[in-house]
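Okay, so here's the structure we're looking at.
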Ligand code: 8YV
């Protein structure tokens, strides 16, 4: 990175950013952390990541703010209505993470059906050596996977799952021009699916979209996989469904109150728990970081964002 340090400070780093992104921002823009900023006058761009909140309070602290650059495709951490009200534009990091997140979605669908993580625990516990047997798993070929949220990542995951011989159905805000069967509601999609794969955006519009009714429609032979946002699933209803045998299992990369995972899930063999790693590869995170810099550069130079939200 070349250093383009100039004063006054025009860029500030907010929470949730990975160390290499912090370093890039420091080298390129001499961007301090909010706590080290001192006088906020002249700061036009705030960079935020990792789901760290950026709402009215943060905006109040930056009176000259004009752009929020979010490290991540999901931007439910940013109060868009408040930003719009103040004339602040917002960008995210779409496309560059589609493959990585779709791969992880497929990994979890395969894992809940084939039980790879449970099988690993079975070996490590000595159960195999003791002569115990694992229950038989389920085939991916022929399994019906219902994709809830057929955006960029949902489509990429659906294409991959088709290559495994799974049958894809979907529900989205709008019906798409695709060959897969559309279900009019999440309940109808869940009722027709062996695995419900959640890939909707987070935020108020999708909060608890997967509720007790959807989980019951999925049923005792159904699996839930969530690679979107924890807020989309009613976690209390999920735990109850698992404990009462009304759901076969779940694969979860995201949780309502990260990094806290409901204690009731930790000892269950029918759930796969991942620490929000959908985009967490070196290549993808670097591409996200580069897109963050592209957005900051474009805004500082031309007052435009490369990948604006909305
Ligand atoms: C990251 C994500 O966890 O892009 C998103 O919406 O959830 C992930 O890529 C996060 O944003 C990285 O800070």
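Restricting 191, 158 to those that are free of Cβ contacts under 8 Å to residues at least 60 places away in the same chain and under 22 Å from the mean Cα position of the chain (by Cα) reduces the list to 158.
Filtering region 34-51 to residues that are assigned to a loop (DSSP other than H, G, I, E, B), under 23 Å from the mean Cα position of the chain (by Cα) and touching a residue at least 60 places away in the same chain (Cβ under 8 Å) leaves only 51.
Just for region 269-279: of the residues that are within 12 Å of the ligand (Cβ to nearest atom) and under 23 Å from residue 115 (Cβ atoms), which one is surrounded by the fewest Cβ atoms within 10 Å (Cβ to Cβ)? Break it down into steps so the answer makes sense when it comes.
Going through region 269-279, the residues within 12 Å of the ligand (Cβ to nearest atom) turn out to be 274-279.
Then keep just the ones that are under 23 Å from residue 115 (Cβ atoms); that gives 274-278.
Details: 274: 19, 275: 11, 276: 18, 277: 14, 278: 25.
So, considering only residues that are within 12 Å of the ligand (Cβ to nearest atom) and under 23 Å from residue 115 (Cβ atoms), the one surrounded by the fewest Cβ atoms within 10 Å (Cβ to Cβ) is 275.
Scanning region 133-145 turns up one or more residues that are closer than 22 Å to residue 279 by Cβ and buried (at least 18 other Cβ atoms within 10 Å of the Cβ). Residues in region 257-270: is at least one within 16 Å of residue 196 (Cα to Cα) and modelled with pLDDT of 95 or more? Yes: one or more hits. Scanning region 52-98 for residues that are assigned to a loop (DSSP other than H, G, I, E, B), closer than 21 Å to residue 300 by Cβ and more than 13 Å from the ligand (Cβ to nearest atom) turns up 61, 62, 63, 64, 65, 66, 86, 87, 88. Could you tell me whether any residue of region 259-268 is surrounded by fewer than 14 Cβ atoms within 10 Å (Cβ to Cβ), within 12 Å of the ligand (Cβ to nearest atom), farther than 17 Å from residue 95 by Cβ and in the same structural domain as residue 190 (by TED's automatic domain parsing)? Yes, there is a match, as at least one residue in region 259-268 is surrounded by fewer than 14 Cβ atoms within 10 Å (Cβ to Cβ), within 12 Å of the ligand (Cβ to nearest atom), farther than 17 Å from residue 95 by Cβ and in the same structural domain as residue 190 (by TED's automatic domain parsing). The single condition from (1) touching a strand residue (DSSP E or B) at 6+ places or on another chain (Cβ under 8 Å); (2) within 16 Å of the ligand (Cβ to nearest atom); (3) within 29 Å of residue 69 (Cβ to Cβ) that residue 225 fails is (3).
Residues considered: 16, 49. Of these, the only one that is on the phi > 0 side of the Ramachandran plot and within 15 Å of the ligand (Cβ to nearest atom) is 16.
The values are calculated or read from the model by the stated rules, or taken from the named source; none is laboratory data. Because the structure is predicted, anything quoted here is derived from the model rather than measured. Quick reminder, even Gly has a Cβ in these numbers, built from the backbone with ideal geometry, and neighbours come from all protein chains shown.
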